[in-house]
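First the structure, in the form of structure tokens, and then the observations on it.
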Amino acid sequence: MNQTEYTSATVLSTAANFIMNRQEPFTHTFRTYIRLRENGTLKLKFWHSNAVDSTWDQGQEAVGSEPGGDWVIETAYIADGGTVPDGTVTENTQHALTFEGKASKTVAAGECFWSDETSIVLPEDHYLAFTWTIKTLTAGKSIPFNVEGMLATAYDAPGNLAAQQSADGFTASDNLLVLPSFIGYRKSVTKKLVFLGDSITQGVRTLKDEYEYWVARITDGLGTDIGVWNLGSGWARAYDVAADGPWLNKTKQSDEVMIVLGVNDIDIGCRSADELLGDLQTIISKIKGANAETSIILSTVPPFNFQGEREETWRKVNREILSNPPIGVSRVFDIACLLSLPAPDDQRIRPEFMSGTDDPHPNGIAGKTVADAFLKI
């Protein structure tokens, strides 16, 4: 990335864990409403990594570090999205994005690129509306995106409707967050902090547009002098990061990193405690290798109602993190003790923190508990 004058303008994660795979070429428009950390007069710049960050499910459709395909940005706009994300944009507020002076951009497989800088005046409590039309020229895999439950309101429509101010033709998107990898604004900050994790870091299952997950609450408490980039990615695992691909490259753009990984390694990844701890050590070593001054906060693995062998692995990993953290860790944050039932049932999340009766993803109440504890340190 290497454009240090920009910091992330939002705590919404846009990490990619899936990839479009169509049987024929398509032209489609995507409009997303994003709450920014600051409003007013903003200078924005967008960066994109045309690659999948983390593995979805068991990798049948998308695997970590898989390059995206060839596709075209026909047009892209930012606009004042108003106070209600209803598919419209405020009249006469759209600004076309350009890429090296051009309104369209042909994106190559695996390419990373920046937009040109653009400005917008965004009133207090108004959303930024980001709209772009993407075209593919062939069938097959094309643009990476995030397929988890929506944390921000978005709409999509067939054809090129990017310049349209109304909601005509758009339908509400579900499990379809299609955005650039980095939504940046020109801002001088004292520190750039990255949160690296899976769906628990991303905020999955918390309320749409409420920004009540713990990364968002921490960010509100820190203030805008500290830059925050949320790299949480649903169904992700530590070995995706340890592969040293596009996802870890994003993480290296920081002064401080908080790592909250392990749930999916233990669960669907079926990793042993030693394998998971080895992957965490690899991640930390590679981050420190890129910048020895980077501070690393390593979290214990959150409770996820594990049983049997998985519970034993979870307990072993957390004991090791607390008693003998990997080399390079600056401090340990014990998220597990904040979310768990009392021992001996501490592998289970407290019922009041669950997103649903059968869903151990932390809810917004849990987000407040974690954020309050983090901000104290």
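The values are calculated or read from the model by the stated rules, or taken from the named source; none is laboratory data. Just so it is clear, the structure is predicted and the values come from calculations on it, not from any experiment. Heads up, the Cβs are rebuilt from the backbone with ideal geometry, glycines too, and the neighbour counts pull from every protein chain shown. With ligands, DNA and RNA removed, areas are computed over all heavy atoms of the protein, side chains included. Shrake-Rupley method; radii C 1.70, N 1.55, O 1.52, S 1.80 Å.
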Exercise. What is the spread of the Cα atoms of region 79-129 along each of their three principal axes, largest first, in whole Å?
Worked result: 36, 19, 16
For this session: Subtract the Cα-Cα distance of ASP244 and LYS316 from 0.36 nm times their separation in residues, and report this length gain in nm to one decimal.
Result: 23.4 nm
For this session: Provide the packing ranking of 361-374, 58-71, i.e. peptides ordered by the mean count of other C-beta atoms within 10 Å per residue, highest first.
Result: 361-374, 58-71
Seminar exercise, completed: Quarter of the surface of the C-alpha convex hull for region 1-123, i.e. direction-averaged projected area in nm², equals 9.0 nm²
For this session: Report, largest value first, the span of the C-alpha coordinates of region 170-304 along each principal axis, in whole Å.
Result: 44, 36, 25
For this session: Using only Cα atoms, find the angle between the long axis of helix 308-323 and the longest principal axis of the chain, and express it within 0 to 90 degrees, rounded to the nearest 10.
Result: 90 degrees
Exercise. Mind listing P(r) for region 53-191? All alpha-carbon pairs, 10 Å bins, whole percents.
Worked result: 10, 37, 37, 14, 1
Seminar exercise, completed: region 281-377, Kirkwood Rh and Cα Rg, ratio Rg/Rh at 1.01
For this session: Ratio to report: Rg/Rh of region 251-335, with Cα atoms as the point set and Rh obtained by the Kirkwood method; give two decimals.
Result: 0.98
Exercise. Can you give the relative contact order of the chain as a percent, counting alpha carbon pairs under 8 Å and 6+ residues apart?
Worked result: 19 percent
For this session: Would you mind working out the accessible area per residue for region 278-377, using a 1.4 Å probe, and quoting it in Å²?
Result: 48 Å²
Exercise. From the square roots a ≥ b ≥ c of the eigenvalues of the alpha-carbon gyration tensor of region 133-183, which class results: rounded (a/c under 1.5), prolate (a/b over b/c), or oblate?
Worked result: oblate
For this session: Considering only protein heavy atoms, with the full assembly of protein chains and a 1.4 angstrom probe, order LEU122, LEU137, LEU322 by accessible area, largest first.
Result: LEU137, LEU322, LEU122
Exercise. How large are Rg and Dmax for region 214-291 when only the alpha carbon atoms are used, in Å?
Worked result: 13.4, 40
Problem set entry | Accessible-area value, LEU151, 1.4 Å probe, nucleic acids and ligands omitted, Å² | 10 Å²
Exercise. Over 22 Å between Cα atoms, which of LYS105/LYS208; LYS45/LYS105; LYS45/LYS187 qualify?
Worked result: LYS105/LYS208
For this session: Rounded to the nearest 500, what is the 222 nm mean residue ellipticity of the chain from helices alone, with -39500 (n - 2.57) per DSSP H run of 4+ residues and division by all residues?
Result: -6000 deg cm²/dmol
Problem set entry | Helix axis angle, 364-376 relative to the chain longest principal axis, alpha carbon, degrees | 70 degrees
Problem set entry | Rg/Rg_globular for the chain, with Rg_globular taken as 2.2 N^0.38 Å and Rg from C-alpha atoms | 0.95
Problem set entry | Where only alpha carbons of region 173-220 are counted, the Rg and the Dmax (Å) | 12.6, 37
Exercise. Which semi-axis lengths, in whole Å and largest first, follow from the square roots of five times the eigenvalues of the Cα gyration tensor of region 95-155?
Worked result: 24, 19, 10
For this session: Just the number, please: carbon plus sulfur as a percent of the accessible area of region 103-189, 1.4 Å probe, no ligands or DNA/RNA counted.
Result: 50 percent
Problem set entry | Length gained when the stretch ASP255-THR98 is fully extended (0.36 nm per residue, less Cα-Cα span) | 53.6 nm
